[in-house]
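Step one of this worksheet: look at the structure below.
The values are calculated or read from the model by the stated rules, or taken from the named source; none is laboratory data. In this text, all values refer to a predicted model and were calculated from it rather than measured experimentally. Counting neighbours? That spans all protein chains shown, and the Cβs are built from the backbone with ideal geometry, glycine included.
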Amino acid sequence: MEKYIKGRVWRFSENVDTDQIIPAIYLVTGDKQELAKHAFENVRPDFAKDVSDGDIIVAGPNFGSGSSREHAPRALLGAGIRCVIAPSFARIFYRNSINIGLPLVECDVDAVDGDVLAIDFEDGKIVNTNTNAGYTFPSLPDFLVDLLDVGLIENTKRKLKGK
């Protein structure tokens, strides 16, 4: 897991559910690049074509409610999202994100579309470089950092099986 990232913000409101992230019609594949083509297509139709590798999502509380499938965080990873920041996450979305290598930060951050955030995971700090506002968050537990460090749980399973 990278200890420090800097990226452009995509702002979303509260209660963003997994059907908004990736509509159920596209759940026939687990390929993150294919899923990314349809991320947020019903709520932000230009997202998939305008998102860039390294971008960050900032949202309101209860991000990722709904389905227990890993397709939603996969779509975000495939789109190039490097981190999602929200005051709270749906429990299953949180764990699925960690399982596939998408870092989440629980923090209430004031940012708008296009702002640039600098995130220091090790020190638990976020700076909005547009406003110079700073925020703190609890560091991820070591075992979760270890999971993110090995890449993905899926890759770890393959490595353990010798494949």
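Tell me, yes or no, whether the stretch 90-99 has at least one residue that is over 21 Å from residue 36 (Cα atoms) and aromatic (Phe, Trp, Tyr). Show your work before the answer.
So the first thing to find is which residues in the stretch 90-99 are over 21 Å from residue 36 (Cα atoms), and the list is 91.
Still in the running and aromatic (Phe, Trp, Tyr): none.
No, the stretch 90-99 has no match at all.
Step by step: first the residues of the stretch 27-85, then only those that are part of a loop (DSSP other than H, G, I, E, B) and of a type in the set (Lys, Arg), then the one that is modelled with the lowest pLDDT. Which residue is that?
Checked the stretch 27-85; the qualifying residue modelled with the lowest pLDDT is 69.
What is the number of the single condition among (1) modelled with pLDDT of 95 or more; (2) surrounded by fewer than 18 Cβ atoms within 10 Å (Cβ to Cβ); (3) of a type outside the set (D, E, K, R) that residue 24 does not meet?
With (1) modelled with pLDDT of 95 or more; (2) surrounded by fewer than 18 Cβ atoms within 10 Å (Cβ to Cβ); (3) of a type outside the set (D, E, K, R) applied to residue 24, the lone miss is (1).
Mind checking which residues of the stretch 21-52 are touching a residue at least 24 places away in the same chain (Cβ under 8 Å) and of a type in the set (S, T, N, Q)?
If the condition is that a residue be touching a residue at least 24 places away in the same chain (Cβ under 8 Å) and of a type in the set (S, T, N, Q), then 33, 52 are the ones that fit.
I'd like to check something: does the stretch 124-147 contain any residue that is under 20 Å from residue 43 (Cα atoms), surrounded by 15 or more Cβ atoms within 10 Å (Cβ to Cβ), modelled with pLDDT of 90 or more and of a type in the set (S, T, N, Q)? Quick ask: steps written out before the conclusion?
Going residue by residue through the stretch 124-147, those that are under 20 Å from residue 43 (Cα atoms) are none.
No, there is no match, as no residue in the stretch 124-147 is under 20 Å from residue 43 (Cα atoms), surrounded by 15 or more Cβ atoms within 10 Å (Cβ to Cβ), modelled with pLDDT of 90 or more and of a type in the set (S, T, N, Q).
Just the residues that are over 16 Å from residue 141 (Cα atoms), touching a residue at least 40 places away in the same chain (Cβ under 8 Å) and part of a strand (DSSP E or B), please, taken from the stretch 107-127.
Across the stretch 107-127, the qualifying residues are 116, 117, 118, 119, 126.
May I ask you to verify whether residue 66 is closer than 24 Å to residue 4 by Cα and either among the hydrophobic types (A, V, I, L, M, F, W, C) or surrounded by 15 or more Cβ atoms within 10 Å (Cβ to Cβ) (or both)?
On the way: closer than 24 Å to residue 4 by Cα: no; either among the hydrophobic types (A, V, I, L, M, F, W, C) or surrounded by 15 or more Cβ atoms within 10 Å (Cβ to Cβ) (or both): yes.
So residue 66 fails the test.
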